[in-house]
Amino acid sequence: MSDITRNTPGTAEASEAAPTQNGGLLRVLGPAHIWALGVGIVLVGEYMGWNFAVGKGGAYAALIACWFAGILYSCVAMIDSEVTSTVAAAGGQYTQAKHIIGPLMAFNVGLYLVFAYTMLEAANAITVGFLVETVAGMTGHEGLNPQPFIVLAIMFLAWLNYRGVLATLTFNLVITAFAFTAILILFLATSPLFGESPLKHAELMTDLPYGWLGVLAAMHFGLWFYLGIEGTCQAAEEVRSPSRSLPFGTLAGVMTLAIAATLTWYLCVGLMPWEYLGQSGAPLFDAARMSGSTALTVLLGIGTLFATLASANGCINDASRAWFAMGRDHYLPSWFGAVHPVYRTPYRSIIFLVPIALIFALGAPLDQVITFSILSGLLEYTFMPLNVIMFRRKWPLDTIKRGYEHPFHPIPAIVLLCLCGITFFAVFLGYGTQLVAMIAFYIVVSLWFHFRRYRFVQRAAQFTMPWPKPQGY
């Protein structure tokens with residue numbers, strides 16, 4: 001019999017009390033909230049961070065990296081849509097690993113999720129501070145300290161998450177729609193359709209300044225165009241109809257981001273030299289300033305602020321759900337598995353992760369924080385091909401009901417695994433020390449889990465899906 005379904009409690013699991021639950025999470029979300037969660041987390045990647053790919057290899061390299069990442073995340077979205085619409089529980093990919101592979105993989109995937117989103121939250125807060133400092137300098141208030149605004153942004157969004165998921169993601173829906181619309185307006189306003197265009201692609205575009213090695217290096221930050229779309233899975237336990245809302249919201253989100261990413265690249269490389277664009281802190285805001293229009297500058301300034309707030313807001317939501325799910329299953333102290341008796345949110349997990357985000361937002365450079373988030377996400381994506389192949393092998397299509405079936409299996413899984421391997425090498429070229437340090441960190445915490453925490457995990461109690469015994473067991 002599979003050890004997934006076998007009851008093998010450890011001797012120490014009785015020593016840890018079950019988490020104090022006051023009802024479960026509320027099922028109040030629809031497809032639009034899922035779209036807002038996924039796109040809201042990621043759209044900030046169009047407003048900042050992706051442009052470091054331009055610095056690595058030039059404008060054309062960044063475009064190749066953009067489409068390369070688009071293929072990678074299309075595979076991620078298809079695979080996630082199938083598995084999560086079937087395993088609809090808080091924790092997303094962590095819960096998938098728990099049911100399909102086993103505890104050690106689940107523990108690591110849970111940490112990948114928490115660190116990817118918490119680091120992304122920190123990067124967003126840094127951008128909020130940078131934006132406020134830049135606007136202050138433009139209005140004659142040089143030397144403004146951005147740190148209070150970083151703290152204020154994280155604390156406000158944590159409070160919003162604490163008060164309820166419906167208000168949190170409705171807020172995300174509004175500000176995400178505004179930020180996406182701002183990109184469309186900038187494109188229309190600067191295009192030749194409405195008179196003389198300020199875009200100067202012919203003068204600013206160059207060949208590959210560092211050759212194809214620069215293209216490979218650009219793959220690292222190309223992920224920032226889409227990083228976090230898989231966060232839609234974290235809302236699985238709070239969606240009214242997971243089998244419909246999760247695939248629709250996730251796949252619509254990837255299509256939205258592909259459009260936004262391409263438009264962003266087109267606008268920025270047509271308004272700024274690649275040497276400057278490659279180190280800009282807020283490229284779309286700078287592009288609006290280069291257009292010469294005060295109205296567009298104000299619009300994209302607000303759009304940048306809204307995109308960063310939407311992303312940080314969604315990151316708090318997703319990181320806390322993963323941490324909460326791990327606490328509820330005793331992978332972490334069960335104290336984290338509590339639900340607020342009034343607001344029905346995982347409030348302890350939300351509060352606990354706030355100081356971690358603040359430490360990185362206040363004490364680490366933006367590119368390092370982005371790399372930490374990308375690497376954690378990349379480790380998670382590398383797990384997905386193994387996960388979906390084992391899922392299809394243990395429970396073929398005709399054995400359990402699925403909300404969505406991704407096409408051409410196993411081609412998306414194989415493509416995703418190959419693209420992840422290429423991206424790991426690209427990250428190693430520029431951030432090899434950080435890559436090795438992160439892998440060492442995850443090895444250490446895996447050993448901690450195996451020797452210190454595993455005895456608290458109740459294996460049989462975790463397997464909550466009403467599925468038949470896996471084939472071959």
Q: Go through the range 23-142 and tell me which helices (runs of 4 or more DSSP H), entirely inside it, have 1 or more residues that are in contact with a Gly (Cβ under 6 Å, 6 or more places away or on another chain), open to solvent by less than 10 Å² (accessible area, probe 1.4 Å) and aliphatic (A, V, I, L, M).
A: 31-42, 52-57, 59-86, 103-138
(Q) Name the residue that is surrounded by the most Cβ atoms within 10 Å (Cβ to Cβ), counting only residues in the range 289-312 that are more than 26 Å from the chain's Cα centre (by Cα) and in a helix (DSSP H, G or I). (A) Leu296
Q.
Condition first: among the polar types (S, T, N, Q), outside any helix (DSSP H, G or I) and open to solvent by 10 Å² or more (accessible area, probe 1.4 Å). Now tell me which residues in the range 180-200 satisfy that.
A. Ser197
Q: Give the range 160-179 a look and list any residue that's small (Gly, Ala, Ser) and assigned to a helix (DSSP H, G or I), or say none.
A: Ala167, Ala177, Ala179
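Could you please find all residues in the range 276-288 being in contact (Cβ under 8 Å) with a residue 24 or more places away in the chain and either open to solvent by 30 Å² or more (accessible area, probe 1.4 Å) or closer than 14 Å to Phe178 by Cβ (or both)?
Gln279, Leu284
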Q.
For the range 245-260, give me each residue that is open to solvent by 10 Å² or more (accessible area, probe 1.4 Å) and either touching a His at 6+ places or on another chain (Cβ under 6 Å) or among the β-branched types (Val, Ile, Thr) (or both).
A. Val254, Thr256, Ile259
(Q) Considering only the range 386-409, I want to know if a residue exists there that is within 30 Å of Gly57 (Cβ to Cβ), in contact with a helix residue (DSSP H, G or I) (Cβ under 6 Å, 6 or more places away or on another chain) and in contact (Cβ under 8 Å) with a residue 12 or more places away in the chain. (A) no
(Q) Restricting to the range 328-364, count the residues that are surrounded by 20 or more Cβ atoms within 10 Å (Cβ to Cβ) and over 14 Å from Ile126 (Cβ atoms). (A) 16
Q.
Between a residue in the range 228-244 that is open to solvent by 10 Å² or more (accessible area, probe 1.4 Å) and any residue that is in a helix (DSSP H, G or I) and among the hydroxyl-bearing types (Ser, Thr, Tyr), which pairs come within a Cβ distance under 9 Å, given they are 6 or more apart or on different chains?
A. Glu237/Thr95; Pro242/Thr84; Pro242/Ser85; Pro242/Thr86; Ser243/Ser85; Ser243/Thr86; Arg244/Ser85
Q. Has the range 266-282 got any residue that is at pLDDT 90 or above, out of contact with any Gly (no Cβ under 7 Å at 6 or more places or on another chain), in a helix (DSSP H, G or I) and small (Gly, Ala, Ser)?
A. yes
Q) If you go through the range 261-271 one residue at a time, how many are crowded, with 24+ Cβ neighbours inside 10 Å and either polar (S, T, N, Q) or farther than 16 Å from Ile64 by Cα (or both)? A) 2
**Q.** Residue under evaluation Ile100, criteria (1) within 30 Å of Arg348 (Cβ to Cβ); (2) of a type in the set (A, V, I, L, M, F, W, C); (3) within 18 Å of the chain's Cα centre (by Cα), criterion not met
**A.** (3)
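The values are calculated or read from the model by the stated rules, or taken from the named source; none is laboratory data. As the structure is a prediction and not an experimental result, all values here were calculated from the model. Don't worry about glycine lacking a Cβ; one is built from the backbone with ideal geometry, like all the others, and counts go over all protein chains shown. Accessible surface areas use protein heavy atoms only, side chains included; no ligands, DNA or RNA. Shrake-Rupley method; radii C 1.70, N 1.55, O 1.52, S 1.80 Å.
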